[in-house]
1. Taking only C-alpha pairs under 8 Å that are 6+ residues apart, what is the relative contact order of the chain in percent?
2. When the Karplus curve 6.51 cos²θ - 1.76 cosθ + 1.60 is applied with θ = phi - 60°, which whole-Hz ³J(HN,Hα) does each residue of the stretch 44-50 get, with x for Gly and Pro?
3. Tell me, what is the percent relative contact order of the stretch 153-217, built from C-alpha pairs under 8 Å that lie six or more residues apart?
4. Which shape class, rounded, prolate or oblate, goes with the chain when its Cα gyration tensor gives a ≥ b ≥ c as root eigenvalues, a/c under 1.5 marks rounded, and past that a/b bigger than b/c marks prolate?
5. Using label points projected 7 Å from each Cα along Cα→Cβ, tell me how many nm separate Ala119 and Arg46, to one decimal.
6. Restricting to Cα pairs below 8 Å that are 6+ residues apart, what does the relative contact order work out to for the stretch 112-239? Please round to a whole percent.
7. Straight-line reach from Lys116: which lysines fall under 19 Å, measuring Cα to Cα and dropping same-chain residues less than 8 apart?
8. Nothing charged except the Cβ atoms of Lys and Arg (+1) and of Asp and Glu (-1): what's the magnitude of the dipole of the chain about its Cα centre? Round to the nearest 20 debye.
Amino acid sequence: MSPPFLSPQFSMSRAERLLDLMQVLRRHRQPVSGKSLADELGVSLRTLYRDIATLQAQGAMIEGEPGVGYLLRAGFLLPPLMFTEEEVEALVLGSRWVVDRGDSRLGWAARNALAKIAAVLPPDKREGLDGSALLVGPGEPIPAGDAELATIRSAIRAERKLEIAYRDRDGSESRRIVWPFALGFFDRVRVMVAWCELRQSFRHFRTDRILALTTSETRYPRRRQAMLKEWRAAEGIPQ
């Protein structure tokens, strides 16, 4: 059964407001005050509290209370019924790129995600999803490294150290312990970004040059978000 806030007895303006509230909450990783939420949405605090109560009643995992702040926990997915045509096209194009240029497991995940989105779209939007004319052009074959990517992504999510055997561009081999915190997908290569204990600095490792890797049971001592921010600053990459 459709959630009440998406049913006919609710005005479209309130349905849109509730969707907007969910989107605002998704952008925040720390508790945000009710006043800040109300100001961003252009509603009164009373309306904001009522909207939060409505979403909580429908299963949204929103934690917090007045005077403390609110935080949306993972685990609640609002059916994306309000996508615009351009948003649908962006999803299709991005998914097609991942299928074509990502590793095999990410490719399957992209297909599955697109199928889930299609299942909850209204018929007119679903036709746009299936018939999108935005295509991903063919690229050069990506070097080997597909098998390592799932392990690297898992280590990044868990903030675990990796022990790797690596061959650099000059053919020299070395063994290192690294703290992986990002993975870059380029047209021709995939690059793991990590803190290298051997060099005591940030290093970039092409995945097709990793000869072997093992995930350590040891968590690295820093948060990956902090290292990513520091690396971006060092590389002059906008946040």
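Just so you know, all these numbers are worked out from the coordinates, no wet-lab data involved. What you see is a predicted model; the values in this text were computed from it and never measured. Every residue, glycine among them, receives a Cβ derived from its backbone with ideal geometry; neighbour counts consider all protein chains shown.
1. Computed value for the chain: 12 percent relative contact order.
2. Along the stretch 44-50, the couplings run 7, 4, 4, 5, 4, 5, 5 Hz.
3. Relative contact order here is 35 percent.
4. Oblate is the answer for the chain, as a/c is 1.5 or above yet b/c matches or exceeds a/b.
5. The answer from the label model is 4.1 nm.
6. 23 percent.
7. The qualifying lysines are Lys125.
8. Around 880 debye, computed over the chain.
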